[in-house]
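To start, the structure itself, in structure tokens.
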Amino acid sequence: MKFDTRLLQQAADWLAVAVVVSLPWSTSASLILIVLWLVAVLPTLAVADMRREFLTAAGGLPVLLWVLAAAGMLWADVPWAERIDGLGGFHRLLAIPLLLAQFRRSEFGPCACYAFLASATVVLVLSSLLALMPPWLVARIPVFGRHAMDYGVPVKDYIWQSGIFLICAFVLVGVACERWREAGWLTVTVLLGLAAGFLANIAFVATSRTTVLVAPLLAVVLGYRLFGWRGVALAGIVAAALAGLALTASPYLHSRVMHSFTELHNYLNTDEVNSTGLHMEFLKKSAAIVEAAPIIGHGTGSIAAQFRLTASGDVASASAATTVNPHSQIFAVAIELGAVGAAVLLAMWAAHGLLFRGAGLMASIGTIIVVQNFLSSLVNSHLFDFGQGWLYVFGVGIVGGTVLRNAQRPPAVPPTASSGVTP
């Protein structure tokens, strides 16, 4: 008797939705759901379906990058435990072709997007409430086992929170701009109001410097996608105006920006150990490490060892700092796999961006996910971070599969043709 996979397919679809809902909240819950999703989805995928995804740039390049990383363990001059640990950051990329194949056939793509937005909105509401509460009351509220929370950050951390809020804000703006003619003014107002809520939280409650850097660039990309070169000019003007308003109205945001300049000044003049200085030091050392093995890198898992070799100076100085995270996804790959690995990484981002080059809401969402990850990964190793990495994988996989599904649908038959009436 032939095994009926329809129940497993439905379970895999719901589990994928559950994963994106859990991502803003809990690493442990997300990891459990991802494992359950894999158990459910793998028996439902035919060999022909997987071969099709592997032979495309969007599905094949993530697998190629993993294969290079697996091969990179062979020439790494570090213990095997470090090599295996280094490969772990690449494992999640293997889920991209699985998700593309799954959502080519599934109708759950839009449902997953709505569910993620709803989940992030709940975080927004809770974050805003906590920001309005007096600190003594916040300290008495145990949330998911936490006895003391950062200001306005109910779960995880401010970098993750502001990143997902930025994605949601720009998706909402994109939806409002694309549907303002067909949708009523009330719908557009609600969409823009919710987007403003996400952006206000970033400006007044909790933000990261990465978000501050990415936001105007993402606005320009979205403006070009929606309105061409006129949109670039419009987005630039609006972004500059909103940035000026936010810096003026938000002492918190103004302090964050000015503090970064102060840290940079102190690092350049005194080699002071601070957050901005360490970022700059790691980028400078990463360039030197890559230069020493430019073609195939130092091998998978070699990042920590290479930074230990470059440490110098007084132990209290930035030049003596070591790390396992160079704070750049491109450098993180190039240190281990050289220019070959970095080229595959850049080609993967490009392939995923081209996957969403068409028109439509889902393509716009996919563009925002890819561009945000690429820009933030210039100063972070976000594909290797749990939340950001899995958000990219599920975002590209779910939205990309939905775009491919919509593209393979047959065109609608005109009413005259279906009724047999000749023009």
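The values are calculated or read from the model by the stated rules, or taken from the named source; none is laboratory data. Please read all numbers here as calculations on a predicted model, not as lab measurements. Backbone-built Cβ (ideal geometry, glycine too); neighbour counts: all protein chains shown. Just so you know, the surface numbers come from the protein's heavy atoms only, side chains and all, with ligands and any DNA or RNA stripped out. Shrake-Rupley method; radii C 1.70, N 1.55, O 1.52, S 1.80 Å.
Give me log10 I(q)/I(0) at q = 0.06, 0.07, 0.13 Å⁻¹ for the chain, Debye formula, one equal scatterer per alpha-carbon, no solvent.
Relative scattering, expressed as log10 I(q)/I(0), comes to -0.28, -0.38, -1.28.
Per DSSP H run of n ≥ 4, the term is -39500 (n - 2.57); total these for the chain, divide by its residue number, and report the mean residue ellipticity at 222 nm rounded to 500 deg cm²/dmol.
Theoretical 222 nm ellipticity from helices: -24000 deg cm²/dmol.
Tell me the carbon and sulfur percent of the accessible area for region 69-115, rounded to whole percent, probe radius 1.4 Å.
65 percent
Could you tell me the distance between the Cα centroids of region 339-371 and region 286-311, to the nearest Å?
27 Å
If you place +1 on the Cβ of every Lys and Arg, -1 on the Cβ of every Asp and Glu, and leave all else neutral, what size is the dipole of region 1-130 about its Cα centre, to the nearest 20 Debye?
320 debye
Whole number in Å², please: accessible area per residue of region 177-265, 1.4 Å probe, ligands, DNA and RNA not counted.
Heavy-atom accessible area per residue stands at 60 Å².
Choose one of V63, A288, L98: the residue whose Cα lies farthest towards the positive end of the charge dipole of the chain (beta-carbon charges +1 Lys, Arg; -1 Asp, Glu; about the Cα centre).
Highest projection toward the positive end goes to L98.
I'd like to verify something in the chain: which complete DSSP H helices, judged by Cα projection on the helix axis, reach 15 Å or more and average at least 0.0 on the Kyte-Doolittle scale?
The answer, listed by residue number, is 6-22, 27-41, 57-72, 95-105, 109-132, 158-178, 185-204, 209-249, 275-292, 329-355, 361-376, 386-407.
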